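A.B. asks: Got a structure for you, written out below as structure tokens; questions coming shortly.
The values are calculated or read from the model by the stated rules, or taken from the named source; none is laboratory data. Remember, predicted model here, so these are calculated numbers, not experimental data. Note that each Cβ is placed from the backbone with ideal geometry, even for glycine, and that neighbours are counted across all protein chains shown. Keep in mind that these areas ignore ligands, DNA and RNA; they rest on the heavy atoms of the full protein, side chains included. Shrake-Rupley method; radii C 1.70, N 1.55, O 1.52, S 1.80 Å.
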Amino acid sequence: IPLEERPTIQVVELRDHGHSAVLSQPLAQAIEQAISRRAGVLLFLNRKGYAGALVCRDCGLVPRCPACRVALMYSRQAGRLRCSYCGSSAPIPETCVSCSGPRMQLIGEGTERVEEDAKRLFPRAAVIRLDGDTLRRPAQAEALWRKIEHGEWDILVGTQLLLRRVALPRMGLVGIVQADAGLSMPDFRSAERTYHLLLDAISLADSATNGGQVIV
């Protein structure tokens with residue numbers, strides 16, 4: 001990004017702000033300010049669903065896809081555990097299938113959770129979520145893109161799928177939610193891929209001279 005087009009970038013250490021909400025206090029304050037001046041807000045998290053995985057707090061078992069061997073994410077929209085790769089699904093177990101323990105807990109936020117928090121904190125804001133679930137059907141996807149083109153939104157929540165659209169507007173605020181989440185993927189290229197994804201998301205922010213801001 002050329003120096004004159006760079007936004008202001010702030011890195012927030014989540015350990016200093018607790019874990020009660022997905023959106024940290026500095027990010028929530030910045031969203032409120034951006035909405036008040038009608039500047040677009042993008043909340044970027046490259047993980048769809050409500051939670052990244054389900055884990056047993058007694059034995060540590062994580063339900064996995066039998067075919068792909070990856071952790072099943074939880075989709076609140078579907079009300080089931082789903083595989084991000086092949087799309088297979090399973091009901092949420094009441095107890096652990098390994099130790100029969102009752103302490104099954106969702107971990108790792110997804111775009112559904114970010115959307116929920118954004119709507120809860122800013123009930124008057126128009127929030128649009130763009131990910132593999134909302135863009136799966138062509139008619140629904142086209143309707144969402146039309147809303148974006150017509151400016152019928154205040155906050156966009158999305159994954160890397162939204163970066164494939166060429167004509168996205170410049171954002172007054174880009175919030176990178178759980179920026180280091182991609183580093184924990186079991187892939188030796190995860191660091192490089194995370195870096196380039198963050199650069200692509202940050203490039204959507206307006207310049208600092210126009211009030212553009214990024215919170216990581």
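A.B. asks: Given the structure, is Arg69 in contact (Cβ under 8 Å) with a residue 24 or more places away in the chain and farther than 28 Å from Ile202 by Cα?
C.D. replies: no
Residue-by-condition table, conditions (1) under 15 Å from Phe44 (Cα atoms); (2) at pLDDT 90 or above; (3) of a type in the set (A, V, I, L, M):
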| site | (1), (2), (3) |
| --- | --- |
| Ala126 | no, yes, yes |
| Glu149 | no, no, no |
| Glu152 | no, yes, no |
| Val174 | yes, yes, yes |
| Val177 | yes, yes, yes |
| Ala205 | yes, yes, yes |
| Gln213 | yes, yes, no |
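A.B. asks: Here is a further query. Would you pick out the residues in the stretch 146-160 that are open to solvent by 40 Å² or more (accessible area, probe 1.4 Å) and closer than 14 Å to Leu204 by Cβ?
C.D. replies: Gln160, the sole residue that qualifies.
A.B. asks: I'd like to check something: does the stretch 20-29 contain any residue that is at pLDDT below 90 and either open to solvent by 30 Å² or more (accessible area, probe 1.4 Å) or more than 23 Å from Glu115 (Cα to Cα) (or both)?
C.D. replies: Looking through the stretch 20-29, at least one residue is at pLDDT below 90 and either open to solvent by 30 Å² or more (accessible area, probe 1.4 Å) or more than 23 Å from Glu115 (Cα to Cα) (or both).
A.B. asks: Follow-up question, since we're still on this one. Just one of the numbered conditions (1) open to solvent by 50 Å² or more (accessible area, probe 1.4 Å); (2) within 26 Å of Thr8 (Cα to Cα); (3) not in a helix (DSSP H, G or I) is not true of Lys119; which one?
C.D. replies: Single failed check for Lys119: (3).
A.B. asks: Which condition number does Leu42 fail, the rest of (1) at pLDDT below 90; (2) aliphatic (A, V, I, L, M); (3) closer than 28 Å to Leu204 by Cβ being met?
C.D. replies: Failing condition for Leu42: (1).
A.B. asks: In addition: Taking Glu192 as meeting all but one of (1) in a loop (DSSP other than H, G, I, E, B); (2) over 29 Å from Arg38 (Cβ atoms), write down the number of the exception.
C.D. replies: So the condition that Glu192 fails would be (1).
A.B. asks: From (1) open to solvent by 70 Å² or more (accessible area, probe 1.4 Å); (2) among the small types (Gly, Ala, Ser); (3) under 14 Å from the mean Cα position of the chain (by Cα), pick out the condition that doesn't hold for Ser98.
C.D. replies: Against the list (1) open to solvent by 70 Å² or more (accessible area, probe 1.4 Å); (2) among the small types (Gly, Ala, Ser); (3) under 14 Å from the mean Cα position of the chain (by Cα), Ser98 comes up short only on (3).
A.B. asks: In a strand (DSSP E or B) and surrounded by 15 or more Cβ atoms within 10 Å (Cβ to Cβ), is that true of Leu135?
C.D. replies: no
A.B. asks: Also, quick follow-up: How many residues does the stretch 51-93 contain that are touching a strand residue (DSSP E or B) at 6+ places or on another chain (Cβ under 8 Å), open to solvent by 30 Å² or more (accessible area, probe 1.4 Å) and assigned to a loop (DSSP other than H, G, I, E, B)?
C.D. replies: 10
A.B. asks: Considering only the stretch 36-50, how many residues are open to solvent by 20 Å² or more (accessible area, probe 1.4 Å) and closer than 18 Å to Gln178 by Cβ?
C.D. replies: Count: 4.
A.B. asks: Could you give me the residue pairs with C-beta distances under 7 Å whose first residue belongs to the stretch 190-207 and is farther than 15 Å from Val11 by Cα, whose second residue is at pLDDT below 90 and open to solvent by less than 50 Å² (accessible area, probe 1.4 Å) wherever it lies, and which are 6+ apart or on separate chains?
C.D. replies: As it stands, the answer is Ser190/Gly182; Arg193/Gly182; Thr194/Gly182; Leu197/Gly182; Asp200/Leu163; Leu204/Leu168, since those pairs meet every condition given.
A.B. asks: Give the number of residues within the stretch 95-116 that are of a type in the set (D, E, K, R) and either more than 19 Å from Gly79 (Cβ to Cβ) or without any contact (Cβ under 8 Å) to a residue 40 or more places away in the chain (or both).
C.D. replies: 1
A.B. asks: Let me ask another. Filtering the stretch 161-172 down to residues that are more than 11 Å from Trp145 (Cα to Cα) and not basic (Lys, Arg), which residue is most open to solvent (accessible area, probe 1.4 Å)?
C.D. replies: Here the residue is Val166.
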